[in-house]
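Below you'll find the structure, written out as structure tokens, and then a few comments.
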Amino acid sequence: MIYRTMAAVLLSSVALPGVTAEEAKRIGCFRQVTVPAEYRTTKKKIKDSYRVYVKRANGRIDLMEYPPVYEETKHLVKEAYTLMKEVDCND
């Protein structure tokens with residue numbers, strides 16, 4: 001919302017007929033910043049951890065443990081948006 005308002009002010013001040021660049025005055029300097037979307041995640045266990053004996057070619061028997069398997073679902077909480085952040089005007 002702030003971005004749209006600031007863009008409208010900037011465009012209208014640049015597009016005014018009869019106003020030259022020498023007459024214009026810098027009010028502030030801004031940088032466009034994109035804020036990423038926020039997500040809430042939920043985990044659902046699909047498979048428990050388990051252990052298995054594995055016989056190797058050299059005759060050794062190993063006990064292997066496999067971790068549990070989860071399904072993760074993302075839910076959008078807040079969409080990404082753009083805002084104008086004021087910065088120093090050092091050219």
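Throughout, read-outs are computed from the coordinates displayed, never taken from laboratory work. Note that the structure is a prediction, hence the values are computed from the model and not measured. Cβ placement follows ideal geometry from the backbone for every residue including glycine, while neighbour counts extend to all protein chains displayed.
Here are a few things to note about the model shown:
- Listed by chain and number, the lysines placed with their C-alpha closer than 28 angstrom to that of Lys45 are Lys74, Lys78; residues fewer than eight positions away on the same chain are left out.
- Within the stretch 52-90, trypsin sites (Lys or Arg not before Pro) in DSSP loop having at most 14 other beta-carbon neighbours inside 10 Å: Arg56, Arg60
- Counting only residues at least eight positions apart within a chain, or on another chain, the aspartates and glutamates with an alpha carbon under 17 Å from that of Lys43 are Glu71, Glu72.
- Loop sites in the stretch 45-91: chymotrypsin sites (Phe, Trp or Tyr not before Pro), DSSP, at most 11 other Cβ within 10 Å: none
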